[in-house]
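Here the structure is laid out as structure tokens; the discussion comes afterwards.
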Amino acid sequence: MATSAQQFGSDNYAGICPEALAAMTRANDGSCVSYGDDEWTALAADAFRTLFESDCEVFFVFNGTAANSLALAALCQSFHSVICASAAHVETDECGAPEFFSNGSKLLVAPPGSSKLTPDMIRTLATGRADIHFPKPRVVTITQPTETGQVYSLDEIEAIAAVCRELGLKLHMDGARFAHACATLGCSPAEMTWKAGVDVLCFGGTKNGMAVGEAVIFFDRALAADFDYRCKQAGQLASKMRFLSAPWIGLLESGAWLSNARHGNACATRLAGAIAGISGVELLFPVQANAVFIHAPEPLLDDLRRRGWRFYTFIGGGARFMFAWDADPERVEELAADIADAARLMSTAAA
Ligand SMILES: *Cc1c(COP(=O)(O)O)cnc(C)c1O
């Protein structure tokens, strides 16, 4: 089948990066113990412990919805609640899975308008009601980077963690693009998580160059009690676990987890730079990771679609372009040139 020109509609359009694929191929040598009792899975978990400078508990699941939902369910009783931003993936894009897997824990959603949670929003949501009739706040979840590509600074995470500690809340991080945030901040994974007060992290492998898979990382091992049963019950215990775990060894030991993310971020910055100043085209959000959200008149977006570009407009209220590990800088330039040309034609038509 002929491959068509690269698109930036989603970072899930990308294939498997060479480092992850090579590790899968290495793990494909002969037979091996199943359900995670294999050497690849042990090595992958150790690679995370090295990366995070922590004796953390690590679990491998198939996707981010499962990682988030099961992690939150592990932190909550059914009568608890989870504080999140209005744009949080757990609220808008997981089909109620966090509520389902927690047997009813309610999401307490911050008012719309800001993609990041702040300590004030958390305090307001967590202390608004303290009576028996309201689900008891138990967890705060933040997305790093956010669904619209903003990165919480270490200071912001620490301030959120301080409020969590004060109010007796656990702090969960949806890190579907965790590597991209590390690349932006230039800090260590440890600094962005347990050193800043994060209790549980969902580290995305899929958007980082794997075929499939996310890691759920508990920095407080006590919180991981019976999490293996939770995964199994949810249909998230891979029988041939080595193929879910081994790619992580390839990503983490080669440093590809970080270079892949740096590349995606750099392509987003490149597009943002190339379209800056084009009249009628505006960035909806600061570009801090691998996403560019563009606000432009509908006819201009239609023109881009006619030119063959694919993008989604149901997130963030604009045209979203995402850049993965394999983004081709020449295609990024082509996109920028088409945006510029479409804007020029529109302004000529209007004149
Ligand atoms: C992609 C993504 C996920 C995971 O989505 P799945 O399709 O379930 O793998 C989780 N959180 C955020 C912010 C994401 O962008």
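The values are calculated or read from the model by the stated rules, or taken from the named source; none is laboratory data. What you see is a predicted model, and the numbers here were worked out from it, not measured in a lab. Counting neighbours? That spans all protein chains shown, and the Cβs are built from the backbone with ideal geometry, glycine included. Ligands, DNA and RNA are excluded from the accessible area calculation, which covers all protein heavy atoms including side chains. Shrake-Rupley method; radii C 1.70, N 1.55, O 1.52, S 1.80 Å.
Table: residues versus (1) in contact (Cβ under 8 Å) with a residue 12 or more places away in the chain; (2) more than 25 Å from ALA349 (Cβ to Cβ); (3) aliphatic (A, V, I, L, M).
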{"site": "ASP228", "(1), (2), (3)": "yes, yes, no"}
{"site": "GLN233", "(1), (2), (3)": "no, yes, no"}
{"site": "SER239", "(1), (2), (3)": "yes, yes, no"}
{"site": "GLY255", "(1), (2), (3)": "no, yes, no"}
{"site": "ARG262", "(1), (2), (3)": "yes, yes, no"}
{"site": "GLY273", "(1), (2), (3)": "no, yes, no"}
{"site": "ALA296", "(1), (2), (3)": "yes, no, yes"}
{"site": "ASP303", "(1), (2), (3)": "yes, no, no"}
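For the range 1-39, a residue qualifies if it is open to solvent by 60 Å² or more (accessible area, probe 1.4 Å), part of a loop (DSSP other than H, G, I, E, B) and more than 24 Å from PHE321 (Cα to Cα), and the qualifying residues are MET1, ASN28, ASP29, SER31, VAL33, TYR35, ASP37. Report, by residue number, each residue of the range 164-188 that is open to solvent by 10 Å² or more (accessible area, probe 1.4 Å) and more than 13 Å from the ligand (Cβ to nearest atom). If the condition is that a residue be open to solvent by 10 Å² or more (accessible area, probe 1.4 Å) and more than 13 Å from the ligand (Cβ to nearest atom), then ARG165, GLU166, LEU167, GLY168, LEU169, LYS170, ALA183, THR184, LEU185, GLY186, CYS187, SER188 are the ones that fit.
Here's the yes/no breakdown for (1) open to solvent by 60 Å² or more (accessible area, probe 1.4 Å); (2) at pLDDT below 95; (3) farther than 26 Å from PHE52 by Cβ; (4) touching a Lys or Arg at 6+ places or on another chain (Cβ under 6 Å):
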{"residue": "GLU253", "(1), (2), (3), (4)": "yes, no, no, no"}
{"residue": "SER279", "(1), (2), (3), (4)": "yes, yes, yes, no"}
{"residue": "GLN288", "(1), (2), (3), (4)": "yes, no, no, no"}
{"residue": "HIS295", "(1), (2), (3), (4)": "yes, no, yes, no"}
{"residue": "TRP309", "(1), (2), (3), (4)": "no, no, yes, no"}
{"residue": "GLY318", "(1), (2), (3), (4)": "no, yes, yes, no"}
{"residue": "PRO329", "(1), (2), (3), (4)": "no, no, yes, no"}
{"residue": "ALA350", "(1), (2), (3), (4)": "yes, yes, yes, no"}
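Among the residues of the range 82-100, write down those that are crowded, with 24+ Cβ neighbours inside 10 Å and of a type outside the set (Val, Ile, Thr). Hits for the range 82-100 are CYS84, ALA85, ALA88, PRO98. Just one of the numbered conditions (1) within 15 Å of the ligand (Cβ to nearest atom); (2) closer than 22 Å to TYR229 by Cα; (3) surrounded by fewer than 20 Cβ atoms within 10 Å (Cβ to Cβ) is not true of ALA42; which one? If we test ALA42 against (1) within 15 Å of the ligand (Cβ to nearest atom); (2) closer than 22 Å to TYR229 by Cα; (3) surrounded by fewer than 20 Cβ atoms within 10 Å (Cβ to Cβ), just (1) comes out false. Residue check: LEU201 meets all listed conditions (1) buried (at least 24 other Cβ atoms within 10 Å of the Cβ); (2) among the aliphatic types (A, V, I, L, M); (3) in a loop (DSSP other than H, G, I, E, B) but one, namely (3). For the range 62-82, the candidate set comprises residues that are of a type in the set (A, V, I, L, M, F, W, C) and within 27 Å of PHE243 (Cβ to Cβ); within that set, the residue that is farthest from the ligand (Cβ to nearest atom) is ALA74. For the range 113-157, a tally of residues being away from the ligand (no atom under 13 Å from the Cβ) and either farther than 19 Å from LEU185 by Cα or of a type in the set (S, T, N, Q) (or both) returns 26. Residues that are away from the ligand (no atom under 12 Å from the Cβ) and within 18 Å of the chain's Cα centre (by Cα) within the range 83-99 comprise ILE83, SER86, GLY96, listed in sequence order.
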